[in-house]
Structure formats: structure tokens, C-alpha cells
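The values are calculated or read from the model by the stated rules, or taken from the named source; none is laboratory data. The structure displayed is predicted, hence computed values, not measured ones. Here the Cβ is made from the backbone with ideal geometry for all residues, glycine too, and neighbour counts use every protein chain on show. Heads up: the accessible areas ignore ligands, DNA and RNA and are worked out on the full protein's heavy atoms, side chains in. Shrake-Rupley method; radii C 1.70, N 1.55, O 1.52, S 1.80 Å.
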Amino acid sequence: MTRKNLMKAARNGTKDGLEKTKIAMMRKVPFLSKKDCTDAIEEDSGYLDVTVSELKHPPPQLSPMPDGLSSQQVVRRHILGSIIQSERSYLDSLKRILLEYKKPLMEAEPRILSLKKIQTVFYRLKEILQCHSMFQIALASRVAEWDNTEKIGDLFVASFSKSMVLDVYSDYINNFTNAMGLIKKACMSKPAFLEFLKKKQAASTDRITLYGLMVKPIQRFPQFILLLQDMLKTTPVGHQDRLPLQLALTELETLAEKLNEQKRLAEQLAEIQQLTRSVSDRNLSKQLNSDQKQLILSETLIETVFGEKGQVLKSKERKVFLLNDMLVCANINVKGPPDISSLVPIGPKYAVKWSAPLLQVQVVEVGQETPQRKDSIYQQSGSRRLSSINSQGKLFLGPPRLYQELQELQHDLSVVEEVTLLVGTLQGSYQNLNTTVGQDWCMALQRLIRIKEDEIQCANKCRLRLMVPGKPDKSGHPVSFTVVFSTPSPISKISWVNRLHLAKIALRDENLPGWVCVEDDEKTKPPFWCPLLACQLPVFTPRMQDLKLQAALYNPVHCSLLGFSAASTSLPQGYLWVASGGDDSHGQVEIFSLNRPTPRSVKSFSLGSPVLCLEYITEPSTEEELETQTSEVLPKIGNTICVGLLDGNILVYGSVDTAAQCLLTFCNPEGCPVLCLKHSANFLFAGLSNGKVAVYNRKSGEGLWDPDSCRHVVIGCAPVLKLLQIDKCVWASCANQVSVIEGSSLRTQVSFSSEKCVGEIRIFDFFFFFFFFFHMVRAGGGVWMAFSEGSSLRLFHTETLEHLQEINISTPSAYLSPGQKSVCVTSLLICQGLLWVGTAQGIIVTLPVPRLEGIPKITGKGMTSLNAHNGPVEFLVATSSILSQDFLKRDSPTEGVDSSGGGEDKKVTNSSQESLQQADGSPQAEDKTKGVLLQYQLRSTSQLPGKLLTARLEESSGSTQDSLEHTLEDGSIYELSDDPEVWVRGPGPSSKEETRREKVTSAAVISGGKGFRRLAKSSNSPDSSENMLMVWQLPITV
């Protein structure tokens, strides 16, 4: 068999290609040298021990770059060179482990390690080397013909989609923790082995340790993904390598996800076992050994004990374990020779300090009211002295009692404001007693209040305060103690608060279990990152239940007033608009605030016609404004929400707050019902019931749409049911066909239909002739489509329109209501790596899809939610927001202090601010003024004699009163009403700053339908006809 035939066999799919490759090897292919098996103890796992001769098959090497290449071709060659170099280095590392470590240990006399231990330490490394040796042969062949083909993606698919690759890497990763533990024990018990590792490291040129070499297989596929992402970015649309690269990204991401999950489970098991061995309490040890225990989060935190005046009494590292139903805190004891840690991670031993049921653990922030019982006593961890509790039942935590000081400042400000008002009523004129001086007092107190608020927020950013139940005292009263942990970063604090919150939600009845895998008879246990049902609530009041849910959208509005912990536990910030309709003359819109763990209705308004669709439209960007080729600058109208009605009207609302101000109303010339809306660049597309799409331009010199610019695009005779934006085009589904409307030219082409073929690829079979394209959703380079009937979903490539995958979401009959025979898709959504499918039977199914820019193929088993609606799932809405960057900074709270006060703010030296400066003593750079709500417009008082009330001490003043300059201070940034969630947003951070910072994203999915029921066999959920929302919350991601 020639080399060409062997490579062809290796590319022919997964299992079949693997079998052909094995057969080729067993036939003694001339360029492969069969190696005799000398390791008698090594088990036969079906892998052939084969080495590749580098003399006959040298490593791949690019030929000199030819002339006349485009810039993209040059970049692609450079990336290919990086792939070649990276793979060569990886193979050298694998060979180095086997030749410089395993082989000498096997041949050592006397034995340094037993043969069994050697095989355990280096388990599956030889098979990994064989996989990549074969890949290198194929890579060399492809590199040799690169200038003619310029194709690499299909090679990755053929090489790493084989089951053998997943098997050997899975075995290696599952054994990695065990191998490192064995090396650590051998270093401590066998001096000869420790000396062997030291000599090998000293003799190497790069001084890399055995651990550094053995961790490379774990890092290999993430490196491949980064290289292929770069290659895809420089591959133009229409290139023959584009779809193969997208498929390769999908395969590698799927493989990396599976390996990461197995590594996480192996590490979780090792952590729990290590913790169990350190427990002396039999009851706790029995709980930890339970199969139901899951380790959600573990981290080394610093426990800090403060005195009454805020001084640190002591601090010590603790290992904190968050399990699915308990929280455990342990002391860390690291034992072993100090020189071992430079060769292999030692791993600590634990001694459990305390444990507590998760539901009894509370997160407490500075100044937060603590719900407490009359018979409870609170004390600080590590201190016998009880914490002080004021008469109102508030427990003040942290150094010093910042919240109490804030209340005192707020009280003083209110008094000074009253005094200023009284001064304004004086009949006489006095030089040092007038309203201007009083307003200066107010300004200074407001600065001190802002400083104190920033101190509180900074104290919360990296300090995790927990209230934990302790043992009852002698009188039998329950005792709760507070524990203060310092986290490594604000992101760590956010993760702990979020995971604690979600772990408690997971213990509710509706989440025990919340999801099942029907493919394996419900044996697969849902992981912690599965969506958790946070709540279900009615949409309308009982007297409005005759309305039918039609549509919903998420209005993302950042709330700067949301607290630090609230941002970690609440739903994504913004508002949810839910639209419905009754008879032909009535429509209803409900607006829910999401700035809390449970949505709350904050606004409701009626319309003269049922609402059929909603569309959220972002404010035009600078690039879009330039495309309009107008010299006038468009007014900033902000983001808007378009509402399509049954009577043909389109309403445009402002989305800044819940005032729901209607900015524009216009009707399409046809007067047809507006079934769907979609915007693209500077155009608004409206799908009509007569088979046409109405297209509107923005008004010249304005940001709103121009009703007079309406143009019609004829799609077909049936209603246009769905519009989907794909890059600069819009896909429109009409009956059994999908048409593509191209950008501003509005030219259309029929991409595919249920009875036609595209090229040589048949898209649909004849029995779909009467089915309509009803739902479309895009992710990466693919579009999932569902039909008006049936439970089938099909995936198409967005560029070639090639049919890539088909799945069926049929549900077991046990979950169907009486009279229901089959499942029908009513809604689709892709969010956080999951394809959500809502059905007419009220059942919701999720299927895993890749998150990267590859092809969103289904890559695993589907999960069915045991929480369902009684009627069809009318909509699925994804909500997602990025936490404010202010939450993630560890900067001094003096940042953000108003700089308009000139010298008063440039030098901050009073006692309440000294601790807020950097370690070198210099204050940090000040950010742009954020502003506060002020009662007065401040005027300059520098011309008045006498001392001023300022925000710094008199003795620290380095300048005279004449040098103090006062300017106007803006107090219009925030305008609050009685409801703190109804607010007007001020200017936020610039987009350039956001792109440079780390992003923390919170996400949730909301479904709407009639009623709520549990699908569990033991559940007897009553039938309900209420319009209900179900809210699923997902873990925060970084």
C-alpha cells in the first residue's frame, strides 16, 4: 500500500478510517518500521506500537514563498508555519519524555521505580505520540502541495475526529492526577528518584521539569484552536478552505470540551478524596463519600479577623470547598521537602475547620441588614467577643464600621440642607452667613459621602463575608458566626457569590432534577452548569388571562446603581418586554425589570391592536452614519424598540427607561399585518402577511425611520413568517422557501426550498413539500431551521448553503399530555453553547453546540427539561449582560471623586482617606467625573472671606483660601423616581476601555407559555391556563 493510499484511508471518516489505517499498518507498509514489543507488562489495548522513520519521512517544511501572493495568502503561510513549528515542538516533547525519562527508568539497575509504577506514570503517552506522528505525515504531504491547494481544515477533521484520539487523550487526562500523585510520593520516599529528576532537569537546555513536559498534552488542543482561529480570520468568504476550517474548529472545540470536562471531573474526585481523608467526623466523612456529592468550586482564600477598631488581628490561608449542598472550610498543611515543589506540584493536606449546610450560609455585605431571630447570637469567627449589633438590628462588619459612618454623614447633610434653607429666609445681609456658604458645606459633605460609599464598595469587592451556623451555646440558643475571606480578585468574589446563589437554587424541588437525558433512559446526571429554573411567574393579572402571548424581547440597559453582590446574583441587567394580543382591537405590553433575582413588573400599557412582533434596534454606529453619506450629524436618539401590530402599524419606542415614550408611528402602505421585524445597518425590514417585505431607510439628518422611503420586496404569495440577519443580508422565509435579500440593493435570490435542489446536494425530501420554514436561528457559520410541522431540525452553512446535519427531538410519550401524539417545534434559540428548542407540547429541549465561530453542529446528548408549560412555548428569549467594569477594578476609592473642586480634591490626606492610596503613597489617577444627584447648583465662593468647610483637614491644607477654585458641578447624571429601578442612564465608559478589560457575563433564558407543570413521574402539577414566564439562570462566565 502506498503512502497516498494510507493517507486516503486515514481521512475516510472516523471508525472506518481508523480500521483502514490499522490494516495498512499490519500489512507492513514499507515506510513504517514495526517495533518489537519488549514491555511484557504493558496491556494490549488494541493500539499498535509503531514508530515513524524520519529518514524516509522528514518533518513538514514550507517551500520558499512564491511571488505575487496577496496579503491574506502571506498571512496564511505564516500561520501554517506556526502550525508546523508548534507540532514539531510538541512531538519533540513527547519523544523527550519517553526517551529521557521512561526508557532510563525502565533500564535502570537496580530499579528506581517498579515497572507497574512506570507504566502508570507514562500511561498512553506512546499512543499519543503515534497519533501525532501520523498527523505529521499527513501534514507534510499537505504542506508540500500548499501553493496549489491552500487547504488545511479537512486534514484536522480527518486526523482528530477519530475515536482513537479521544480515547487515548481521555485515558491520559484521567490518569494525569494519579500520575502526579505517584511522582510526588516517589520523590518523598525514594531519594534516588528525586535525584534522577534533578539531574534530568539540570542537564536539559531549557530547564523544563517532567511536570512541564507532561502537561503539554493537556494544552495541545487549545493551542490548535487558537492557530485555526487565526487562519479562519484570514480566509476570505468563498475560499475552498473556509468550510473545512470551520468544521475543524468545531471538531477541536468539541474534543477540547470533552477533555476539559473529564479533567474537571478527575480533579473534582481527587479533591473530594483528599478532603475525605482529612475528616475525623464519621458523619461528615460518610456525606463526602456519597455519590451525590459534587464539587462546584474550591479555592484558597485568606481568612481575616478584625478588631473593634478595624485593625487586622490575624489572617491565615484556608481552603474553601463549595459542594452541591454544603460549604467546608479547611486548614492547609503542606508537607514534604522544599525542593520537590520545583519538580512537581506537591498538593496540600487538609484539616477540616468547619462545615455547614449550604442553605444556612448567607452572604453579608458591609451595611447589609442581617435577618436574625431573637434567639440567635452572632459572633465573629476566630474571636470570642460578640460583634456589636445596633438597636435597629443591623450588624456592622468590616474595618471600620463604614456603613454607620455613612449614615452619620447622610444625617449631617440633611441637617446642613435644612440650615441652608433657613439661612435663605434671613431678612438681613451677612458676609459669612448666606446660602452660597451653605451650598459649599453641602458640596463638601456630598464629597465625603461619595468617598465613604466608594470605601464600602471597595471593602466588598475582594472580601467575602459569610454568616455560618455554629454549634448552640450552653443555653441551647443557636449561634451564628461571621467569617471574612479575602479573595484574590473581584472576579473571584463574583464567582463565589454567584456559585453560592446558584447552588442554593439547585437545591429547590423544581431542580431536583431539573433536566434528564432521554437518550440513555435518564442515566446521565446533569452537570452543575445546566440551566437552573430560578423562578416562574404570571405575565398578566388574573383578569387579563384571555390575552395570548405573541412575542418578547430583551432590552439591555446597564444599571450603575446595582450593588456589587446584587450584580453577582441578579438576572442580566435590563428589561424584558412581553407583548400579547386579545381581540382585533386590543394589544398589551408588559415591561419587567431584571435587575434582581426575580423579574418584577414595572410598566404596562395597552395598544389599539394585537402585537405580533418586537425588534430591539441599537443606536447607529459611526460606521453606519458614514455609510449614509450625509454631512449632517444624526441626533442621538439612543436604542429603540419597534413594535409590529396586526393593523399594519409599526410603533417606535425609546428604550432608555421604562417611560415607554412612543417616538414614531407609521403604517405600511399595504396595510397588512406586520408578522416579523429585523434591522440591518440603516434599514428596517418588515415581513408582511401578503408575502412582501417592506424596507425603510433612516430619515436624512435624523436617527428615526422614514415612512416615505418604503420599498417593497416580493418574496412569495404566503406570509413572510421569519426574518434573519446574516452579515449584510437578510433571510426571509415564505411558505416552503427561503430567500436572501442583499444589503442596500434589495436584490433577492431563492436560496433553497422544500422541493428544490441546490447544485448536487438535495436539501429536502419530497415529503416536506407542504411544510413551511417557520423558525431560523444562527450561530457561527450555520443556521438551524425548523418547520411548521414535525420535530426535525436541519443545519445549513451560511455561505455555501450546504446541508450539514439533521436531528430529531422526539420526546418519550410519557412526557406528552393525553391526546398528544408527536412533538412540534414552536421556538428556537441559541445561548451559551446550547440550542434551545421549544415545542407545541410545552416541553423544552436543549442540545449542546460549539461556542466558537465554527459550525454549530450538535456535539452531544440532548437534555429535556422536567419543567414545562401546559401549552405551546410561544417564545424563548436570551438575556445577557456584561458586568460593569467598575465592579472588576481594585483601584482606590478616591477614583471617581469629583475633581471639579480643584485643590480640594487634588490632595487627599485626611484620616478616612489615607488607607485608600496606593502602596507608594501616591494617589491613583482620577477617572472622569461620574456626578451625583445634588439639591443645588453650586456657585463660586472663592471671593468670600473666612474659612470654608472642605473635605480635608485644616492642618493638611497646603494652600490659602485664595487658591481654591470652585466650578459648576453637574448633578443631572441620575434622575431617580420612587421606584429605584426606573432610572435614566448617564454616559457610560467608552467602548475602547471596555475592549481592553476582562469581561464577566451573566446570562439567563426566559420562556413564555400557558401554565406550568412538572414532567416528573411523582409530580401532580395542577393544570393552569395562566400566561407564565419561566426563567432559567446560567452561571456567570469570564
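Just give me the residues in region 643-662 being closer than 16 Å to Glu702 by Cα and at pLDDT 90 or above, in sequence order. Scanning region 643-662 gives Val652, Tyr653.
The residues of region 173-191 that are open to solvent by 20 Å² or more (accessible area, probe 1.4 Å) and among the β-branched types (Val, Ile, Thr) amount to a single one, Thr177.
Is one or more of the residues making up region 187-209 under 38 Å from the mean Cα position of the chain (by Cα) and either of a type in the set (Phe, Trp, Tyr) or assigned to a helix (DSSP H, G or I) (or both)? Spell out the reasoning first.
Here is the first cut: in region 187-209, the residues under 38 Å from the mean Cα position of the chain (by Cα) are 206-209.
Filter once more, so that each one left must be either of a type in the set (Phe, Trp, Tyr) or assigned to a helix (DSSP H, G or I) (or both): none.
No, because not a single residue in region 187-209 is under 38 Å from the mean Cα position of the chain (by Cα) and either of a type in the set (Phe, Trp, Tyr) or assigned to a helix (DSSP H, G or I) (or both).
For Ala718, the requirement of being outside any loop (DSSP other than H, G, I, E, B), touching a strand residue (DSSP E or B) at 6+ places or on another chain (Cβ under 8 Å) and closer than 26 Å to Arg778 by Cβ is not met.
When restricted to residues that are open to solvent by 50 Å² or more (accessible area, probe 1.4 Å) and touching a residue at least 12 places away in the same chain (Cβ under 8 Å), region 289-319 contains 13. Selection of region 668-688 for residues being open to solvent by 40 Å² or more (accessible area, probe 1.4 Å) and modelled with pLDDT of 90 or more yields Leu675, Lys678.
Within region 348-366, is there a residue that is part of a loop (DSSP other than H, G, I, E, B), under 30 Å from Leu194 (Cβ atoms), modelled with pLDDT of 70 or more and open to solvent by 30 Å² or more (accessible area, probe 1.4 Å)? Outline the logic, then answer.
Applying the first criterion (part of a loop (DSSP other than H, G, I, E, B)) to region 348-366 yields 348, 361, 364-366.
With under 30 Å from Leu194 (Cβ atoms) added as a condition, the list becomes 348.
Now drop any that are not modelled with pLDDT of 70 or more, which leaves 348.
Remaining after also requiring open to solvent by 30 Å² or more (accessible area, probe 1.4 Å): 348.
Yes: region 348-366 contains one or more residues that are part of a loop (DSSP other than H, G, I, E, B), under 30 Å from Leu194 (Cβ atoms), modelled with pLDDT of 70 or more and open to solvent by 30 Å² or more (accessible area, probe 1.4 Å).
If the condition is being of a type outside the set (A, V, I, L, M, F, W, C) and out of contact with any Leu (no Cβ under 9 Å at 6 or more places or on another chain), then region 464-481 contributes Pro469, Gly470, Lys471, Pro472, Asp473, Lys474, Ser475, Gly476, His477, Pro478, Ser480. Is one or more of the residues making up region 431-438 of a type outside the set (S, T, N, Q), at pLDDT below 80 and either open to solvent by 40 Å² or more (accessible area, probe 1.4 Å) or outside any loop (DSSP other than H, G, I, E, B) (or both)? Among the residues of region 431-438, at least one is of a type outside the set (S, T, N, Q), at pLDDT below 80 and either open to solvent by 40 Å² or more (accessible area, probe 1.4 Å) or outside any loop (DSSP other than H, G, I, E, B) (or both), which makes the answer yes.
Condition test on Leu626, is it at pLDDT 90 or above and open to solvent by 20 Å² or more (accessible area, probe 1.4 Å)? Give the steps one after another, and end with the answer.
Details: at pLDDT 90 or above: no; open to solvent by 20 Å² or more (accessible area, probe 1.4 Å): yes.
Criteria not met by Leu626.
Examine region 326-336 for a residue that is touching a Cys at 6+ places or on another chain (Cβ under 9 Å) and either at pLDDT 85 or above or of a type in the set (Lys, Arg) (or both), and state whether such a residue exists. Among the residues of region 326-336, not one is touching a Cys at 6+ places or on another chain (Cβ under 9 Å) and either at pLDDT 85 or above or of a type in the set (Lys, Arg) (or both), which makes the answer no.
For region 474-505, a residue qualifies if it is open to solvent by less than 20 Å² (accessible area, probe 1.4 Å) and assigned to a helix (DSSP H, G or I), and the qualifying residues are Pro490, Ser492, Lys493, Ile494, Trp496, Val497, Asn498, Leu500, Leu502, Ala503, Ile505.
For region 512-532, the criterion of being modelled with pLDDT of 80 or more, in contact with a Lys or Arg (Cβ under 6 Å, 6 or more places away or on another chain) and either assigned to a strand (DSSP E or B) or within 16 Å of Pro1035 (Cα to Cα) (or both) is satisfied by no residue at all.
Annotation: Ile97 fulfils all but one of (1) in contact (Cβ under 8 Å) with a residue 60 or more places away in the chain; (2) surrounded by fewer than 20 Cβ atoms within 10 Å (Cβ to Cβ); the unmet one is (2).
Return yes or no: is Arg465 in contact with a Gly (Cβ under 8 Å, 6 or more places away or on another chain), under 30 Å from Ser492 (Cα atoms) and assigned to a strand (DSSP E or B)? It would help to see each step written out before you state the result.
Working: in contact with a Gly (Cβ under 8 Å, 6 or more places away or on another chain): yes; under 30 Å from Ser492 (Cα atoms): yes; assigned to a strand (DSSP E or B): yes.
Answer is yes for this residue.
Contact map, region 272-288: residues that are on the phi > 0 side of the Ramachandran plot paired with residues that are at pLDDT below 85, Cβ distance under 9 Å, separation 6+ or inter-chain. No pairs are found. Looking for something surrounded by 14 or more Cβ atoms within 10 Å (Cβ to Cβ) and of a type in the set (Gly, Ala, Ser) - is there at least one such residue anywhere in region 224-242? Checked against the condition, which is being surrounded by 14 or more Cβ atoms within 10 Å (Cβ to Cβ) and of a type in the set (Gly, Ala, Ser), region 224-242 yields no hits at all. Residues of region 574-599 that are under 27 Å from the mean Cα position of the chain (by Cα), over 24 Å from Ser680 (Cβ atoms) and modelled with pLDDT under 90: Ser593, Leu594, Asn595, Arg596, Pro597, Thr598. Under the condition of being in a loop (DSSP other than H, G, I, E, B) and at pLDDT 85 or above, which residue from region 996-1012 is surrounded by the fewest Cβ atoms within 10 Å (Cβ to Cβ)? Among those residues, the one meeting the criterion is Gly1011.
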